[in-house]
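The values are calculated or read from the model by the stated rules, or taken from the named source; none is laboratory data. A quick note: this is a predicted structure, and the numbers were derived from the prediction, not measured. Cβ atoms come from the backbone with ideal geometry, glycine included; neighbour counts cover every protein chain shown.
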Amino acid sequence: MNFLKKTKIFIILILLTFSLIIVNSIRINVQFLKEIPKNEPLLIHTSWDGGNGTIGNPYILENKTYDGGSTNGYSLINFDSYFIIRNCTFINSGTADDNAGLRLVGVENGLIYNNTFESCQNGILFSQQIGTCQNNIVKNNTFRNNINGIRVAYLARWINITKNRFFDNGDGIELFGRNLNSVSYNYFESNSVGIHLLGSDSNTIVGNQVQYTNNFGIYLENSDMNEIRSNIVKNSNVGVLLDSSKSNEINLNIINSNTEGITFQSISDNNTIFNNTIANNNKGIHVFGGDSNYIIGNEVRYNTNYGINFEDSYTNEVRENIVKNCAVGILLDTGRYNDLYLNTICSNSIGMSFQTISDNNTIYNNTFCANNDHISIISSSGNIFHNGSIGNYWDDYDGYDCNGDGIGETTYEEGTIFDPLPICYRLDIYSPIVSIMNLINGQVFNATAPSFILSIQEYQVDKIAYQIDIGTNYSCGASDKIDQMLWDSLTLGRHNITFYVLDAANNLGKAEVYIFKNASEEPEEPSIPFSPYFSLIMIVAIIGVLMYTKRKISF
């Protein structure tokens, strides 16, 4: 009897336990269903074509066509098993912002491969409504005529989008408000925007080809610390646009045949543009309202309007760029306190132009060559063309480096431009040309040492000296006099004088003349004969005349 009673109690406890489990499961499912948007089709976990969801044997969905109609083509929600969706077609989703051909919510570990997405609001949407989408790969798919080809929404991360093709979409790819995604080796043609980062940080955009976009090839909007590397962007309105975006790296890209190559606007600061080729655009690099950016080692060439333009931009660093074959190489339009150095600026109509209060910039150690005009200044002041140690190389500088320090000895001047330390590769190998202006061969001098005037053609004279016959060298100036003691010590007759001029490059020039030293001093006044007795003789003669006259009268 006791045994039967205990058995009944045990059975009742088991039934109660199962009841609680079922109720709890129903509660969870009800909560889960509440989080699914209205009209969401419940195509969840049940329609796989194979696999068991492990890394070695993922679920497979393949060779299907999904027409979304007024909502989504296919949805996968809150799912972390391994899966592959391949060789499917997704068309005609609804037009709500969160409708998609393939809608993924809180999904991990997926490979979406070799599918076609066409005429959807979003071809693929990594949604933000439940959980985090992460660790998914989107590879080798085709997206055509969608509002957005792929939209990676707020809570999605570590999404690898690679080797896909995008045609005639609004945004080919939009990364919205999430970080650490990779967009690589995709092809974009005739989209409104190729790749759009909106409030999205620390992503890698590498190896993509973007062409014929109506607006922007690559567009960073309020997005920081992204790497834009080794992309080709061409035939678009703007190749790369940064809008209120900071601390991004843009390197090794080819930006070709766009209306604008790279544009910064609206406080896009601390970005680095380096080792890019920016060619055949209307405008090369335009920094508008961006400060403390680094533009380094780019080749900027054959841009119709300008190569690099700073507009309302301060404290930027521009170095080691090649800027050539543009209407204006570098244009500063309300650009202040920028440093420009180690750039090669050649074969432009105007090498560098300063407009509209572009003041206090420092320009040094640049090469200006083969420009129609090296510098144009319209309304600017306080710009310095040296850093205190070195100026710039100007191909029309006609001076010499006399002392071998690489700096010309005279100031470079072009209009209002003054470079006191011009770089000069032209060593002075020419001797000074010396002419004696006031002495001629055979001229005679007496006791007073002769003076001389020298004409010297030389950029930097180091020393001037003269030597008489084969004797000691005497230092002197270009207008001076032979040392009187030396002259007094010379013998009478002919003497050879050689004047030497040594320049700073140790080139020696000289001029020679021979003159005569006369035996006598200055000519004396003629003396009166018998001058010591002349007065006495005159007195005696006068007395004699008087006595003779008196005697004659007495007779």
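In table form, for the structure just shown:
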quantity	calculated
Members of segment 400-433 that are closer than 26 Å to TYR500 by Cα and not in a loop (DSSP other than H, G, I, E, B)	ASP401, ILE407, LEU427, ILE433
Matching residues in segment 354-369 - criterion: being over 15 Å from the mean Cα position of the chain (by Cα) and not hydrophobic (A, V, I, L, M, F, W, C)	GLN355, THR356, SER358, ASP359, ASN360
Residue in segment 165-182 that is under 29 Å from GLY56 (Cβ atoms) and outside any loop (DSSP other than H, G, I, E, B) present	yes
Members of segment 287-307 found to be surrounded by fewer than 23 Cβ atoms within 10 Å (Cβ to Cβ) and under 23 Å from ILE267 (Cβ atoms), listed by number	PHE288, GLY289, ASP291, SER292, TYR294, ILE296
Whichever residue in segment 199-231 is more than 18 Å from ILE254 (Cα to Cα) and among the charged types (D, E, K, R) and, among such residues, is nearest to the chain's Cα centre (by Cα)	ASP224
Criterion (surrounded by fewer than 24 Cβ atoms within 10 Å (Cβ to Cβ) and hydrophobic (A, V, I, L, M, F, W, C)) met by exactly one of ILE255, ILE232, ILE250	ILE232
Among (1) within 20 Å of ASP291 (Cβ to Cβ); (2) outside the structural domain of THR132 (by TED's automatic domain parsing); (3) touching a Lys or Arg at 6+ places or on another chain (Cβ under 9 Å); (4) not aliphatic (A, V, I, L, M) - the single one SER247 does not satisfy	(3)
The one condition in (1) within 25 Å of TYR306 (Cβ to Cβ); (2) over 20 Å from the mean Cα position of the chain (by Cα); (3) surrounded by fewer than 21 Cβ atoms within 10 Å (Cβ to Cβ) that ASP398 fails to fulfil	(1)
Wholly enclosed strands (runs of 3 or more DSSP E) of segment 437-482 bearing at least 2 residues surrounded by 13 or more Cβ atoms within 10 Å (Cβ to Cβ) and in contact (Cβ under 8 Å) with a residue 24 or more places away in the chain	451-457, 461-468, 479-481
Matching entry among TYR393, TYR397, TYR430, TYR425 (being in contact with a Pro (Cβ under 6 Å, 6 or more places away or on another chain) and of a type outside the set (A, V, I, L, M, F, W, C))	TYR397
Within segment 264-283, tally of residues that are under 19 Å from SER200 (Cβ atoms) and within 15 Å of the chain's Cα centre (by Cα)	5
